[in-house]
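Next up is a structure, given as structure tokens.
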Amino acid sequence: MGIEKPLEPPKNGLLVPDLIPLAYEVLDAWKVLIKGVAQLLHTIPVYGCSECSEVHVALEGHQIKDCLGPTSRDRHSLHSWVRGSIDDILVPIESYHLYDPFGRRIKHETRFEYDRIPAVVELCIQAGVDIPEYPSRRRMKPIRMIGKKVIDRGGFLEEPKPWRLGNPSSPVDFDTYRANERFPPPLSEDIPRIAQETMDAYDFVRSGVMKLMKKYTVKACGYCSEVHVGPWGHNAKFCGAFKHQWRDGKHGWQDAIVDEVFPPNCVWHVRDPRGPPLRSALKRFYGKAPAVVEVCMQAGAQVPDRYKPMMRLDIIVPESDEAKLVA
């Protein structure tokens with residue numbers, strides 16, 4: 001029999017008091033980020049490829065031949081551009097909401113009994129944020145474990161019914177659902193201010209999520225994009241990645257990194273949004289930037305120094321005929 005070892009919060013089911021204010025600040029910044037991106041997309045054009053996950057922020061789609069979609073061969077690897085949405089900028093990474101992260105594990109048969117909310121929001125809830133629609137169990141006594149086995153969790157409590165079950169189409173301010181309809185186009189003189197606020201909110205959310213993930217466990221599937229916020233991954237069998245039949249659809253859980261919870265979704269950096277489209281011949285001279293950063297920059301925000309190297313602002317893009325002479 002193993003030896004019981006004392007656990008520190010949050011491994012023992014208790015909250016980390018010092019991180020509760022940070023969790024509230026991250027959630028507030030997340031709301032500002034959604035609102036800002038939704039407003040900026042009324043003025044900044046965004047395109048997405050209908051055949052792959054490529055996104056481009058400019059007046060028209062680029063002409064770089066790197067599409068890997070099912071019909072890309074017929075288009076000579078050119079993208080098939082359609083008008084994008086906020087989900088192309090803020091990639092929707094959702095997680096199951098758990099009333100008790102240390103309670104009953106989600107099974108494949110019970111997966112529809114749980115709400116799906118943004119993983120960032122679920123992380124904030126488990127870190128101490130109280131949202132009436134998504135309650136969470138707050139323990140007063142720590143759980144006890146021997147190895148990986150829980151020997152005392154304080155019993156099981158009846159979990160509330162999913163909020164979405166009674167409100168299937170109700171929008172919430174921390175979700176991107178119908179965000180473009182909820183937030184009207186901004187005034188032209190307010191666009192630079194909104195862009196800067198959105199840029200600052202993006203940086204704060206990213207840094208805040210990194211700090212929360214150092215304490216609170218987040219799992220990610222090593223085969224697909226599924227993310228689970230909690231000490232253990234769920235048992236829902238819907239992994240459709242390569243050779244999922246061998247695993248009976250089960251996910252391969254491992255510790256997540258911030259890019260899996262809050263993806264940067266990098267896009268090609270366009271120096272002149274009104275200029276000619278980017279071309280494959282000059283691909284090696286172009287830089288990239290997170291989609292939110294690119295949108296905010298084109299709207300008038302100041303680019304933080306840490307993004308400038310990846311945007312390759314110090315590289316002079318030659319003309320097509322000059323590119324052949326570059327070593």
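The values are calculated or read from the model by the stated rules, or taken from the named source; none is laboratory data. Here the structure is a predicted model, which is why all the values come from computation and not from measurement. Glycine gets a Cβ as well: all are built from the backbone with ideal geometry, and neighbour counts include every protein chain shown.
Given (1) modelled with pLDDT under 90; (2) part of a helix (DSSP H, G or I); (3) hydrophobic (A, V, I, L, M, F, W, C), identify the lone condition not met by residue 327.
(2)
Continuing with the same structure: Report the residue count in the range 88-114 for those that are in a loop (DSSP other than H, G, I, E, B) and not hydroxyl-bearing (Ser, Thr, Tyr).
13
Could you grab me the full set of residues in the range 48-87 that are in a strand (DSSP E or B), under 18 Å from residue 185 (Cα atoms) and touching a residue at least 40 places away in the same chain (Cβ under 8 Å)?
Answer for the range 48-87, where residues must be in a strand (DSSP E or B), under 18 Å from residue 185 (Cα atoms) and touching a residue at least 40 places away in the same chain (Cβ under 8 Å): just 57.
If we scan the range 313-321, do we find a residue that is surrounded by 14 or more Cβ atoms within 10 Å (Cβ to Cβ), in a loop (DSSP other than H, G, I, E, B) and in contact with a strand residue (DSSP E or B) (Cβ under 8 Å, 6 or more places away or on another chain)?
Looking through the range 313-321, none of the residues is surrounded by 14 or more Cβ atoms within 10 Å (Cβ to Cβ), in a loop (DSSP other than H, G, I, E, B) and in contact with a strand residue (DSSP E or B) (Cβ under 8 Å, 6 or more places away or on another chain).
Are there any pairs with C-beta distances below 6 angstrom linking a residue in the range 1-26 that is assigned to a loop (DSSP other than H, G, I, E, B) to a residue that is of a type in the set (Val, Ile, Thr), with the two at least 6 apart or on different chains, and if so which?
Final answer for the pair search is 2/146; 4/146; 9/16; 10/16; 12/143; 13/143.
Would you check which residues across the range 276-312 are outside any helix (DSSP H, G or I) and charged (D, E, K, R) and list them?
279, 288, 312
Select from the range 90-116 the residues that are crowded, with 17+ Cβ neighbours inside 10 Å and aromatic (Phe, Trp, Tyr) and write down the one among them that is nearest to residue 54 (Cα to Cα).
Among those residues, the one meeting the criterion is 96.
Here is a follow-up. Considering each of 139, 178 in turn, give the residue that is surrounded by 15 or more Cβ atoms within 10 Å (Cβ to Cβ), modelled with pLDDT under 90, within 25 Å of residue 119 (Cβ to Cβ) and among the charged types (D, E, K, R).
Only one candidate qualifies: 139.
Taking only pairs six or more apart or across chains, which ones have beta-carbon atoms under 8 Å, a first residue in the range 280-307 that is among the polar types (S, T, N, Q), and a second residue that is surrounded by fewer than 19 Cβ atoms within 10 Å (Cβ to Cβ)?
Hits for this filter: 280/63; 280/65; 280/66; 298/273; 302/196.
Among 130, 74, 87, which is within 17 Å of residue 176 (Cα to Cα) and either over 23 Å from the mean Cα position of the chain (by Cα) or surrounded by fewer than 20 Cβ atoms within 10 Å (Cβ to Cβ) (or both)?
Just a single option satisfies the conditions, and that option is 87.
Within the group 229, 205, 261, which residue is surrounded by 20 or more Cβ atoms within 10 Å (Cβ to Cβ), modelled with pLDDT of 95 or more, in contact with a Phe, Trp or Tyr (Cβ under 8 Å, 6 or more places away or on another chain) and closer than 25 Å to residue 304 by Cα?
205
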